[in-house]
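Written out below as C-alpha cells is the structure these notes cover.
What follows is calculated from the coordinates using simple rules that are stated; it is not laboratory data. This is a predicted model, so every value here is computed, not measured.
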Amino acid sequence: KAKLENTIGDLGVQSGLVARTREDLEMLKRRGLRNYYEFTLLKNKRPVRVSTVSLQLKKADAKRSKYTLNVIADDHNIEKKDRTLFEPLQFYTGRDRQLYELVILAVDKNKVRGYLSTPKELIAQAQSN
C-alpha cells in the first residue's frame, strides 16, 4: 500500500494519490476522500457518461500504452491526445470549478480501462439541487 504515489498531472497541480492496481483503487475508495468511478471505454462514435462528464475513446495503442480520448464537460470538448498509462489527466468542471482527475490503468486494442476521481462535495451538491 505504500506504493501509491503523489504525481503531478497535466495542469501542473500535484494530485492526490494515484492507484496503479485494483487493490490500490479499493484502498483509495475506503479512505473516502474523493469519489471514484471505474469505467471501460470502447472505441466507438458515442461518448460514455461517467459521473457528470462524458468520455469518448478516439485511439488506443496497446503496444506503446498510449491513447487519445475526448472529455466532454460543461459543453466543452477537450481532446487529450497521446497520453500514457497511469498519467493523471486533470480538468476543472462544474459550477464551482472543481478538480476532476482521470487515470487510465490498462490499454488494449480499441479499449481502455481506468477511473475518474471527483470531489466528495459533488454528492452533496447534487442532492441539494
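Set the Cα radius of gyration of region 12-121 against 2.2 N^0.38 Å, with N its number of residues, and you get 1.01.
Could you tell me which of the pairs 29/80; 43/66; 45/80; 66/111; 43/120; 58/120 are separated by over 18 angstrom between their Cα atoms in the structure shown? Pairs exceeding 18 Å: 29/80; 43/120; 58/120.
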